[in-house]
Structure formats: structure tokens, C-alpha cells
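Chemist: Once you've had a glance at the structure underneath, I'll fire off some questions.
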Amino acid sequence: MSRHPLPERVEIRDVGPRDGLQPEAPVSVADRIHLIDALQDAGVKRIEVAAFVSPRAVPAMAGAADVLTGLRRRPGVAYAALVPNLKGAELALAAGVDELTVTISVSEAYNQSNVKMSTAESEAVVAAVCARAGAVPVDAVVSCAFGSPYEGDIAPTRVAALAARLLASGCARITCADTTGMATPRRVDELVDATGPDIGLHLHDTRGTALVNAYAGLERGVRRFDTAVGGLGGSPFAAGAAGNLATEDLVALLDDLGVATGIDVEALVEVAALVAEMVDHPVPGRVATAGPLTRRAAPDR
Ligand code: MG
């Protein structure tokens, strides 16, 4: 089997300030803005900065509007926010968001457990958000795209069918999320067979497969990846779910492969150290721990 050439460039959306921090003890708005600043200093061009959810339900995301209105905007950087419903979308749009993220599960049981709605009901919510968003793009993150903790394997054709309906209802982009860490390179291959390569991949390292899955996606021409600096963020609703693929781990691999990201891995490692201080525990990312490939031991000893 011949290998496809790798893409020259990929787009990385760092979801650390939202997905990464959401399961952690609350970090102040000022520190979250500081983190966003550090990420854009490192060259990150798409950042998920906040979630417009109930601060009672998710205390870590309190102050979402303050984060969006308080951050120091850079030209060429897109600031995204997760919204669960039309009300959240209206608040995010009023705060000047560049991109909305919505989540919907292809697994009926997971969707019911997560948002107390059927997948069809969530599709109607997404359509309403798209109608309200106008020119602001909506990225639908399809959770459990590689398997459900309730239903087991999810057929890639089901993901592709849901993705097609979401695009038809006004979503600009589809991102397939490995919410529970069930993806493998074979499953990535089979998913891309069904959806085509114009998807984002949101990978988790629950079973140690996030980076090989990203590589499998790259080989199939996928050009968009969700990652979190330091590898923070598991789903609080999926037992045992470890963090997101660490941004610096993916960037270090892409640097070695000659795939451009515009991101400085040395700077990212510093951001990972910063975020470890903010959450007050070590981060799981490997490159953050070991240092990038370019960092060599002193030769004379
Ligand atoms: Mg995640």
C-alpha cells in the first residue's frame, strides 16, 4: 500500500483554555487570559478560549464573557467558544467570538447522559445555533466518533451520515472526537474512508494512541487537529478518560516530519510549564516533560 504524501501544513486548534481547564479546579479569568496570551505568543492561530455554560454546573468556565472581552486580540488569530444552546451562542456572539463550537454525540445513550436530549434534538439545537450565528462559523464536534462507553463500536457510516446532516444544517466544519479514547489507526482509517479527509480530529490519549491516531489521520490527508497544551483535559462524563493530545507532542512530531504549524515548540513547552503551575499538578504531555528533540544534553561532561 503506497503512502499518501503528508500535508505541507496543518491547522492546530488549542483547546487548553476550555477543554483542558474545564475538569480542573477553577483558574481565574486573569490567568486564563494569560494562558491565551502565551499560546498566541507561541504561534497558535486558533484557540478555544471559553465555554458559555452554566457557571453553577461548570465552575471552571465561569466568566466566559470576561475572558473573551478581556483577551488581547492578535490579527490572524481566531478565538472559539463552546456553546451548549442558543442562549450560550447569543452570549458568545455578543462577546465577539470568531467561531462557535457545539458538541453533539453520535451515540444516543451518551448524548442522553451528557445533555438529556436525543441526538435528533441536539441536531435541532445545532441548526438553531447556526441560523443565529450568521457569518460566524460553527464547528460541530461529534463526540464518541470512534466508539461509545454505552454502545461500544460506532459504525463510521453513522458518523458520516450525522456529519452530512450537520453540514446541511449550516455547520462550517465537522470535528470527530475520540471522547473515550477508543480510536486506533485502523479506526481512523475507516472513519476517513466514510467521511473524507475534510474533518478535524479531536484525539484523547486515554489508551496511549492519540499521537499514532494523529499520524494515521495525517497520512489520510487530515489537516485539522484539536490539542491541548500540556495534554490537559479529560471528559468529566467518561470514566477514566485521560487528557487531550498534547499540543507540544503533536507539534514536535510535525516539526520532525517537516509539516508546518506556525507554532514554536520550545515556547509551547514553556506554556505547558505555565499551565502546570495554574492547575497545580504536573501535566501529562511527554514533550513537556522530556523537552523537544532539538534540546540536546551538553556535549562536554
Ligand atoms: Mg477533549
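Chemist: Just checking, does segment 123-136 include any residue being in contact with a Lys or Arg (Cβ under 8 Å, 6 or more places away or on another chain), within 25 Å of Ser113 (Cα to Cα) and more than 16 Å from the ligand (Cβ to nearest atom)?
Modeler: yes
Chemist: Confirm whether Gly240 is touching a strand residue (DSSP E or B) at 6+ places or on another chain (Cβ under 8 Å) and modelled with pLDDT under 95.
Modeler: When the stated conditions are applied, Gly240 does not pass them.
Chemist: Which one of these is touching a Gly at 6+ places or on another chain (Cβ under 7 Å), among the acidic types (Asp, Glu) and at negative phi: Asp226, Asp178?
Modeler: Only one candidate passes the filter, namely Asp226.
Chemist: Also: Restrict the check to segment 245-267 and report whether at least one residue is surrounded by 24 or more Cβ atoms within 10 Å (Cβ to Cβ) and under 23 Å from Ser148 (Cβ atoms).
Modeler: Yes, that holds for at least one residue.
Chemist: Name the residues in segment 156-174 that are closer than 14 Å to Leu191 by Cβ, hydrophobic (A, V, I, L, M, F, W, C) and in contact (Cβ under 8 Å) with a residue 24 or more places away in the chain, would you?
Modeler: Of everything in segment 156-174, those that are closer than 14 Å to Leu191 by Cβ, hydrophobic (A, V, I, L, M, F, W, C) and in contact (Cβ under 8 Å) with a residue 24 or more places away in the chain turn out to be Val159, Ala160, Leu162, Ala163, Ile174.
Chemist: Filter segment 135-155 for residues that are touching a residue at least 12 places away in the same chain (Cβ under 8 Å), closer than 17 Å to Thr101 by Cα and surrounded by fewer than 22 Cβ atoms within 10 Å (Cβ to Cβ) and give the result.
Modeler: Residues satisfying the conditions are Val136, Pro137.
Chemist: Could I ask something else about it? Any idea how many residues of segment 221-236 are farther than 16 Å from Val15 by Cβ and either at pLDDT below 95 or surrounded by fewer than 22 Cβ atoms within 10 Å (Cβ to Cβ) (or both)?
Modeler: Summing the residues that are farther than 16 Å from Val15 by Cβ and either at pLDDT below 95 or surrounded by fewer than 22 Cβ atoms within 10 Å (Cβ to Cβ) (or both) in segment 221-236 gives 2.
The values are calculated or read from the model by the stated rules, or taken from the named source; none is laboratory data. Because the structure is predicted, anything quoted here is derived from the model rather than measured. As a convention, Cβ positions derive from the backbone with ideal geometry for all residues, glycine included, and neighbour counts pool all protein chains shown.
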